[in-house]
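Here the structure comes first, spelled out in structure tokens, and everything after it is commentary.
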Amino acid sequence: MSSDSGTKRVRVAIIGAGAVSDYHHVPALRMDPRAELAAVCDADEGLLAKRKGDWGVELASTDPIALCASDAIDAVIIATPNFTHHPIATAAARGGKHVMCEKPLGLNAHEVREMYEAARDANVVHMTAFTYRFAPSMRYLRHLLKSGALGTPRHFRSQRFLDWPETSWGWRQYKDKAGAGDLFDMTIHRIDFALDLLGPLARVCGAVARFAPRTTTPDGRACAQSDVDDWSCLIGEFASGATGVWEGTTLAKGYGRNGFGHEWAEINGSEGSAVYRLHEPNTILLGKTGSDLAPVPVPSEFLKPADSPRDPSQGEPATVFRYDLVWEFISAIAEGRPAVPSFYDGLNAQLIADSVLESYEKRTWIETPLAKP
């Protein structure tokens, strides 16, 4: 199938047809004239049939490994449970398919390293779905930091507080399926923020805790108790000399914010401070000595990628910036360049997250050098 310009469209398969794909990935593909939603895959045959109709897709499969070998697709977006990421991503790389995968990329850094090396060695575009990097205020914060407007960075601070029900998370509440809880699901995004903004961490110490047993499903059925964290934190020392502190929880009562929760990512530099907040992603907080933190609109050039057809004035701001994730993936494929953030970025974030678990187990600081490319 060809686009209006006559160039061949990137034929994308969605593997994992749940809510994330329906809300974010499919709408993003629909608005990109360079891309075509060519296939859908899910283990749930009922959901697969629904998505095939809803999304208008002819090719549907319950076998992701076979689909990764199909000549009918060029790229895959993996939005399946964490424990399935490694086999699907490595199969995609072997099949010569470009691959974007939801985070965490794997259950541990060993799995993620194998995924990264498979994609690297196959010379395919690989991307980690660190969605929040694409929030306008985060993009602008990065510009302010890299341009020197904040001076020398000294402190990084991250809070991610959610008020979620204490019922079952399904597969997400078991280590053998998810790897970890809040740490791998939420805090890992903010670890990626920090590495992107401030460079490598030299060492970390951390802790996790589980408060909710989650022995009941939302519809009242009994289930096995959760064995993953619903609170996580870490303190880090960057190689640059800056410091960082992160805290996340799904049990912060009163932090609903229409489902988006509370997110606060802050840089304190020698000349000023800047704050990104998820629920107001088109506004940044800026302040300096003698001038308290105050809201400033994000300049228009940071509201979306320059060549994206997305209209930043349309839709819920805390939702629509997520479409830029897929825009970057397709752009990297079309332009023959690496995607940002890549599997290598996902590996380095995973190494830090694994180190938090190791630190808590050993009750000590853990050295955290970057992975070898």
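Taking the conditions (1) without any contact (Cβ under 8 Å) to a residue 12 or more places away in the chain; (2) part of a loop (DSSP other than H, G, I, E, B) in turn, His110 satisfies each one other than (2). Highlighted here are the strands (runs of 3 or more DSSP E) found entirely within segment 185-284 that include at least 2 residues which are among the acidic types (Asp, Glu): 262-269.
Checking the conditions here, which among Arg363, Arg337, Arg310 is crowded, with 17+ Cβ neighbours inside 10 Å and of a type in the set (Lys, Arg)? Before the answer, list the steps.
On the way: Arg363 fails: crowded, with 17+ Cβ neighbours inside 10 Å; Arg337 fails: crowded, with 17+ Cβ neighbours inside 10 Å.
Being crowded, with 17+ Cβ neighbours inside 10 Å and of a type in the set (Lys, Arg) holds for just one of Arg363, Arg337, Arg310, which is Arg310.
Looking at Ser147, Ser158, can you tell me which residue is touching a strand residue (DSSP E or B) at 6+ places or on another chain (Cβ under 6 Å) and either under 27 Å from Glu335 (Cα atoms) or not charged (D, E, K, R) (or both)? Going through Ser147, Ser158 in turn, the sole match is Ser158. Selection of segment 198-219 for residues being among the hydrophobic types (A, V, I, L, M, F, W, C), surrounded by fewer than 21 Cβ atoms within 10 Å (Cβ to Cβ) and under 15 Å from Glu237 (Cα atoms) yields Ala202, Cys205. Among the residues of segment 253-267, the ones that are surrounded by fewer than 19 Cβ atoms within 10 Å (Cβ to Cβ), closer than 18 Å to Phe193 by Cβ and not acidic (Asp, Glu) come to 3 in all. Where strands (runs of 3 or more DSSP E) fall wholly inside segment 22-94, the ranges with 3 or more residues that are closer than 28 Å to Pro309 by Cβ are 35-41, 75-78.
Annotation: Asp311 fulfils all but one of (1) under 23 Å from the mean Cα position of the chain (by Cα); (2) assigned to a strand (DSSP E or B); the unmet one is (2).
Rule-based calculations on the coordinates, nothing more; no lab input. Only a predicted model underlies this, so the values are computations on that prediction, with no experimental measurement involved. Methodologically, a virtual Cβ is constructed for each residue, glycine included, from the backbone with ideal geometry; neighbour enumeration extends over all protein chains shown.
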